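Scroll down for the structure; my scribbles are underneath it.
The values are calculated or read from the model by the stated rules, or taken from the named source; none is laboratory data. Being a predicted model, the structure only gives us computed values, none of them experimental. Note: ideal-geometry Cβ built from the backbone for every residue, glycine included; neighbour counts use all protein chains shown.
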Amino acid sequence: MNSAALGQVLVFASLVLTAVVAGLAIVGAVRGDGRQVRAAGFGMRALAWLGAASSLVLLHAIITHDFSIQYVAHYSDSTLPLLYLITTFWGGEKGALAFWVLSLSVLGGVLAWTRRKDPSSYTGWLLATTALALLFFDILMVFASNPFETFLASGGPADGSGLNPLLQNPLMAVHPPPQLLGFIAYTIPFAYAMAAMASGKLDGSWVVDARRWSLFAWVMLTAGLVVGELWSYLELGWGGYWGWDPVENAALLPWLTGTAMLHTFSVEYRTGLLRRWNVFLAFLTFFLTIFATFLTRSQLIQSLHSFTGSVLTPFFLWYQVVLIVAAAGLILYRWKDLKPAGRIESFLSREALVVAAVLLLLMAVFVVVWGTLLPKFSESPAVLAVVDQALAAIASLTGQVHVPLTGAVNVGPEWFNKAVGPIGIAVLALTALGPVFALRQAPGDVARGTAWRTLAVGAGLAVVIAAALVLARGAGLSTASGMPFAAACSLYLRSLSWAGVYGLLAVTFAMQVLGVASLDWVRSVRARRSAKGESVRAAAGVLFRENPRRYGGHLVHIGVALTFLGYAGAAGKLVKKDAVLAPLEETTLGGRALRFLGTKDRWEPAGGYAALEAFFLVYPKGRPIDAVVVDSVRAALPDASSVEGGEPPFVTVRFASESAAQGFLVTTSARATLAPSLALSGVDRGRREVRLVPRRPEVLRVLPESFKRLAQAANGVVESAGKDRMTLRVGGRGDPTMTVAATDDSAFDALLAGWQAGDESPILAARAVGNQPTVVEVVPAGAGLLMSPEVRHYLKSENPTTEVEIEPGLLSDLYLAATPAQGAGEVNLTAMDHPMMSSLWLGAVIALLAGAALIAPVRRRRETVRKDEPGVAAVTRPAGPPGSGGRHER
Amino acid sequence: MSVEDLVFAMLAAGAVTLAMRAVVRMLGAAWGLDRGDGEER
């Protein structure tokens, strides 16, 4: 049996078995018969193994290039390296679907295994919900989008079409699995909520059971989003990491509600409040993962992730309708039973702050959905008229002039930043407040507790930081412009754009979060140290193990605050510069100068692409060149009569004669610009001619215009030789050769020397000085930092990709992207000073690690916690959740 | 048969075997024959 047939058998068997499992689980749950529930559990475990088997078959077909399978032929080819062959698995729609089925089967198998000792109705409904969710994707895979489909008429093409070059990036290989797993894993908390409602086991234990699953999903989704951001930052070349693209928005939606859910779970677990919120959020988060997939896979919204038209749209539409009806029905049916175990007594209790944060996050969901769908919906004239009327009404209320809408509304990143920014900042502010206030707090408790002190310290810190930022900017402005310091500060404050204000607020609140969370850690560690004499590390470890929710939560909050510092940096202090540069021209960015040196071609046989590299030298503006660098040039040029530092990055070299200077210029230009790309194919000493051919003809196949660039470079060398000392002949159509002829021996020898010089020279480029024929200015390698962003042209794709080059720094990243421009040898440079990027990535890593540590099994908590134990003093301890039978961590 | 084929064949065969074992236990459990592993009987 071949791979395709075997795969078909396996996915069909999965489909049938999933239906059987769902049936068994439902029958068992309705009858309360443990036998059927137990059988469904075994069935689930069988599905996990079947999913693994069919995935192995698909992976094998991809790795062994079985192009008789359509999916393999469309998304891979025989030149792809192993990593990208594996990426192919989830690189297309059918494969992503197979990945979904595999992951959900495995998660379902693990779920069944963890519930193996409890064949109750509750477990029955849990397995039934999971199996039904899996059934939907099985049906899609078997009937609508089958990854094992073969070509009907032939055995398939000789080679595949290859993988989208944008996906040929190690980060892109890593991005989809956690992203999808995050989506998929939210099925389980949803299944727990449905099971609790269907079985009537509404004692809050489902929240305990689902907590770790929702943490797992959150960590995965966060990792997926962060890797996606990193990929976008490094690969897409537009300079950002989040573009409010519909697919990014779609992935953000379940993250927002999933984040809310983690917090409401924690409140219900400890107080029995927010029960309705929890079932609602579990449903909404799962629903949004389906909605996000629908948005991505349908052609509803034009997006960066432009997948081709999908047959799945109607399936997803109906599935969403079914989900809403089923979940809404169950929630209404159980509405009275979901009555919370009390009410929120104070606005300054943690549960009240959590509710406020949840409302804000839901508002963000609404805003993002609105902004994502509005462009599509407003294509309809009726919708447009309604929106127009609403805007007119708002304008008349605020007294602004209303400009009638004429076509579909287009909302860009700026709209999203403006709309979501304040919500994010408000949530950040609550993040700082939340941990300070205890759960189940009555108004009187607040005044007596230590909360105010912590809060005051945090707020004080935030105000100091904000003031310091304003004063620092004011001082900078004052020294630059000479105006009085106070006036400069006031001018800075008045000139702040909305993004600047957001940035300032975000920094302030992020600092407060950092302050509150760190303070609690530090205080608790100190208390333990003085009480028990433990070392800092031991004390921190014990705190984390004993109360992971609190101290792990602090770590996640610290990570989130650091990420916000990154966002704030981008909002407030990003410097961007676009310039068209000819060789040896310079532009400036902040305090740095960027000198364009030239381009080079490179051929990567393994990747199947030609790269056009643009070289830039980056150096501090205005600082003279180091004496050491000048000395290195002096040592490399013993024939020069004098070598001294010039205008950076140049070193001025004087020669004894005009011909020596010109000879050096020709040799250097030939070595630096011609020799790397052109080989000597013939040298005719008698006629003083050299024939040059491209070193890598493959580059010309992908990038025919690169020959023109080479000819322009050769022309530059000929001109540097001086009047009439050299001529250039370029081959005609289909003849990629150039001939350079010299009129005298010294020019000819200088040209040849370019190929003999090798790569060791410390000189990157050279230029003549207009009216001084004996002087040459050279750019030495040590004069700055050499950076080389590039553009890649793939054999199998028409769209080139940009590979940016980034010089990471603690406070800011220097980001360069360059594409060829129209003029001779010119490039379009996009340069950016990206502040606080390191904080963004560091924060993400901290949040992810802390989140992952919270998933890991922890030692059982002691059943009683002494009130005076260090580190728990600020929290009044409630009794365990009703019916959970103790407060142990699961 | 290449090394890749062999490795994948072994892994897939293992997965299918475990799946079949679980299916058999499913059928057993449905008729009350298999009381599950590691649980209180």
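What the table below lists for this structure:
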| item | result |
| --- | --- |
| Tally of residues being within 7 Å of another protein chain (Cβ to nearest Cβ) and either farther than 13 Å from B:ARG25 by Cβ or not charged (D, E, K, R) (or both) across region A:36-63 | 13 |
| Qualifying residue in region A:773-787 (condition: in contact (Cβ under 8 Å) with a residue 12 or more places away in the chain, in a loop (DSSP other than H, G, I, E, B), out of contact with any helix residue (DSSP H, G or I) (no Cβ under 9 Å at 6 or more places or on another chain) and buried (at least 21 other Cβ atoms within 10 Å of the Cβ)) | yes |
| Exclusive hit being aliphatic (A, V, I, L, M), touching a residue at least 40 places away in the same chain (Cβ under 8 Å) and surrounded by fewer than 20 Cβ atoms within 10 Å (Cβ to Cβ), set A:VAL827, A:VAL804, A:VAL845 | A:VAL845 |
| Boolean, A:VAL409 is at pLDDT 80 or above and either touching a Pro at 6+ places or on another chain (Cβ under 7 Å) or over 22 Å from A:TRP498 (Cβ atoms) (or both) | no |
| Any chance A:ALA741 is closer than 30 Å to A:ILE806 by Cα, small (Gly, Ala, Ser) and surrounded by 15 or more Cβ atoms within 10 Å (Cβ to Cβ) | no |
| Residue check, A:ASP33 charged (D, E, K, R), more than 7 Å from chain B (Cβ to nearest Cβ) and under 18 Å from A:LYS94 (Cβ atoms) | no |
| Number of the exception - B:LEU6 against (1) farther than 19 Å from A:THR64 by Cβ; (2) more than 7 Å from chain A (Cβ to nearest Cβ); (3) modelled with pLDDT of 90 or more | (1) |
| Leading residue by the ranking (surrounded by the fewest Cβ atoms within 10 Å (Cβ to Cβ)) among those in region A:99-129 that are out of contact with any Lys or Arg (no Cβ under 7 Å at 6 or more places or on another chain) and small (Gly, Ala, Ser) | A:SER120 |
| Cβ pairs under 8 Å, 6+ apart, first in region A:673-684 and under 11 Å from A:THR737 (Cβ atoms), second outside any loop (DSSP other than H, G, I, E, B) and of a type in the set (Asp, Glu) | A:GLY682/A:GLU689 |
| Those residues of region A:210-221 which are closer than 25 Å to A:GLN168 by Cα and either among the acidic types (Asp, Glu) or in contact with a Phe, Trp or Tyr (Cβ under 7 Å, 6 or more places away or on another chain) (or both), in sequence order | A:LEU221 |
| Some residue of region A:64-71 being more than 9 Å from chain B (Cβ to nearest Cβ) and either assigned to a helix (DSSP H, G or I) or modelled with pLDDT of 95 or more (or both) | yes |
| Pairs where the first residue, in region B:13-35, is more than 8 Å from chain A (Cβ to nearest Cβ) and the second is among the acidic types (Asp, Glu) and part of a helix (DSSP H, G or I), C-beta under 7 Å, 6+ apart | none |
| Elements of type helices (runs of 4 or more DSSP H) contained in region A:461-553, each with 2 or more residues being polar (S, T, N, Q) and surrounded by 15 or more Cβ atoms within 10 Å (Cβ to Cβ) | A:498-532 |
| Residue, nearest to the other protein chains (Cβ to nearest Cβ), within region A:13-23, restricted to residues that are of a type in the set (A, V, I, L, M, F, W, C) and in contact (Cβ under 8 Å) with a residue 60 or more places away in the chain | A:VAL21 |
| Residue match in region A:654-666 (condition: assigned by TED's automatic domain parsing to the domain that holds A:THR819, within 28 Å of A:ILE806 (Cα to Cα) and modelled with pLDDT of 85 or more) | no |
| Lone unmet requirement of (1) more than 13 Å from every other protein chain (Cβ to nearest Cβ); (2) farther than 25 Å from B:ASP5 by Cα for A:ALA4 | (2) |
| Some residue of region A:714-728 being hydroxyl-bearing (Ser, Thr, Tyr) and out of contact with any Gly (no Cβ under 8 Å at 6 or more places or on another chain) | yes |
